[in-house]
Each structure stands twice: as structure tokens, then as C-alpha cells.
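Comments concern the structure below.
The values are calculated or read from the model by the stated rules, or taken from the named source; none is laboratory data. This one's a predicted model, so the numbers in the text were calculated from it and none came from an experiment. Don't worry about glycine lacking a Cβ; one is built from the backbone with ideal geometry, like all the others, and counts go over all protein chains shown.
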């Protein structure tokens, strides 16, 4: 009995380390936006040139997830995590001491390369260390890292920047990256999933495996809708309600709380299965976007919808990663790398298309288009072949 409890406690500790690591990645990716003008003023640059730094981070993450993630299958998730955490530590430290926008962009490009290795490694490790039948719960704990960055990471970073300057925000983040690396060092070693002699020549080869192409299409629908709506929700609410940026930021906070609450529902994913819950999660997400279309004129209503949005987003993301991680366990890293690359592709194209819709047809139309994407995703699930029950790791 004590051995069982020890096993449970070690799994909780390990998933907490992975959660912290995802939280550091999320905080770095989202931190620059609130302090954009401070950084621009400090580096004697305009806000547009600093905004491009965010693009260099996104590009680095997508490239790394696409081209470097296959390393996870060859050297193991733990080693990949250590490499990614080391890159993130150096990048955040370099960001703190950057004296020119190009130097900051280079540092954030390196941070993106690290993040592109970290995210698929964390997701892969979460399913590896989980007990059989509890993969969704383990993955859900790790995904709370995104909620952690929204609820704690960004507000604390903004507070540090306001009190001590933006460079100290990056120094604090570098300390967190170092702490995450120490934690990763304590994780169990994982044998590489593929033979050292084997080398992949085509990074898109996993698309041939059953369920992978559909899983990535689901990811594109989910992230494209999310980033597209997220980009303009604040502007819409501020315009209709006449509120401050700080008050509009509470919407992001409540979304983060909802995303964290979504982890509670993961036990049902393990018990009932993705086959039943996956379509329901996407249909639920569609309902949330429909509600959002008619809720921006009431602050309490939009906060309530934001919580539901976070719960739905957590469940959809969890099951997408779960689907892809089970598609071909021996190439889990490469497949989850494609997932991370697709996420940033969805962010890029979703925001661009959403901008066109928002300026021409308004926020209500944008939300309804996002709802339509979720319904389309639910229909696409019919193409996913049944997955075997996962074997013990």
C-alpha cells in the first residue's frame, strides 16, 4: 500500500516539474506584449520593431517543433527537455541584457528553438510517466502550466517590470528556467523510442499514420479559432463597455482559471474515453463561441463565458495531444513536434484571417465562424480510427 502511495506521489512530483516547465515557456511567450512600450522606450525603438520580436519567437518555436522534435524519439524526452531548458535559460538571460532590438529578437529566436523542443517533450513525458489508463489526468496536470503562466506568470512579470524594470522580468524568468532544469534533471531516464541507426528523411512522414493528419487538422481548427478570437476579444469588450486595459485583462485571468479547472474533468476522459468525449468537447466549444458572440455587452456574462472557454479549450487540447501521442508511440516526439508547429501555424493564420473578418464583419461574425470551425472539427472526428487501449509504459 505504501509503495502505491509512493508511486502516486512521485508521479505528482514529476508532472509538477513538467507543469512548471510549460509555465515558464508560456510566460516567456506571452510576457512581451504587456511590456512592449517599456521595452521599446528602453531600447530607443518603436513598438512595431519590438512587436516583431514576438514573431521571431513564434518562428523559432515552429521551426524547432518541426525540425528538432524528432530528436525526442532518438535521444529520449528527458535529454530533449534538458537541451530545451538550457536554451531557454540562456535566451531569457540574454533577453535581460539585450541592448538592441535585433539582439532581443535573436535571444527570443533561441527561446523559441528551446520551446519547440520543450513542449512536445513535456507532452510526451507526461504520457510516459502516467499509470496505464490515467494518461489524460497526467497530461492535464502538465497543461495547467499554461494556466499558471496566464494567472501568475504574466501578472507577476508585469508587476516586476513596473517596479524594477522589464529586464528584471526576464531575469526572474531565467531563474525559473534554471529551477525547471534542476527539476528535469531529477526526472526518470527514458530510453529512446527509436533505434539509433534509424534516421528520418521526411519530417512529414508521420502524416501517413492513422489519425495523425486528422489530429493535426483538429489542432489547426482549435488553435486557429482560439488565437483569432483571443486577438480581438479585448478590443471588442473595451469598445462596447468602455473599460480600461486592466479591467479587460481580467478576462484573460478568468480564462486561465477556467483552463486550470478543465484539469478536473480529465478523470472523465480516462474513464469514459476520448471516443465519446472528444466530439462533445468540440461541440461544447462551439456553444461557448456562440455565447461569446452575444456576451460582449455585459462584463459579468463575458467573464462567465471566459471560464467556460478555458474549460473547453483545456479538454480539446488535452484530447488532441492524447490522440497524437497514442498514434505511434515509437515516434511520439516527431508527431507532437508537428502538433506544436501546427499550433503556431494556427496562431499565425487564425489571427490574420480573424483580422479580416473582424474589421469587415465584426466580432459577432468572428465568434460564429470560430463556432463553425469547432462543429467542423467534431465532424472530422468520424475519420479517426479506433485506438487500442494503451499498454503499460
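Based on this model, can you work out whether residue 306 counts as buried (at least 22 other Cβ atoms within 10 Å of the Cβ), in the same structural domain as residue 214 (by TED's automatic domain parsing) and more than 16 Å from the chain's Cα centre (by Cα)?
yes
Looking for whichever is over 15 Å from the mean Cα position of the chain (by Cα), buried (at least 24 other Cβ atoms within 10 Å of the Cβ), not assigned by TED's automatic domain parsing to the domain that holds residue 329 and not in a helix (DSSP H, G or I) here; the options are 45, 69, 85. Which one fits?
69
In this structure, does residue 143 turn out to be modelled with pLDDT of 90 or more and crowded, with 16+ Cβ neighbours inside 10 Å?
Criteria not met by residue 143.
Conditions (1) in contact with a helix residue (DSSP H, G or I) (Cβ under 6 Å, 6 or more places away or on another chain); (2) in a loop (DSSP other than H, G, I, E, B); (3) modelled with pLDDT under 95; (4) under 17 Å from residue 121 (Cβ atoms), marked per residue:
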| site | (1), (2), (3), (4) |
| --- | --- |
| 8 | no, no, yes, no |
| 14 | yes, no, yes, yes |
| 22 | yes, no, yes, yes |
| 28 | yes, no, yes, yes |
| 34 | yes, yes, yes, no |
| 56 | yes, no, yes, no |
| 59 | no, no, yes, no |
| 62 | yes, no, yes, yes |
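Does residue 130 satisfy the condition of being at pLDDT 80 or above and surrounded by fewer than 19 Cβ atoms within 10 Å (Cβ to Cβ)?
No.
Between a residue in segment 164-177 that is assigned by TED's automatic domain parsing to the domain that holds residue 91 and any residue that is at pLDDT 95 or above and not in a helix (DSSP H, G or I), which pairs come within a Cβ distance under 8 Å, given they are 6 or more apart or on different chains?
Qualifying pairs under 8 Å: 167/97.
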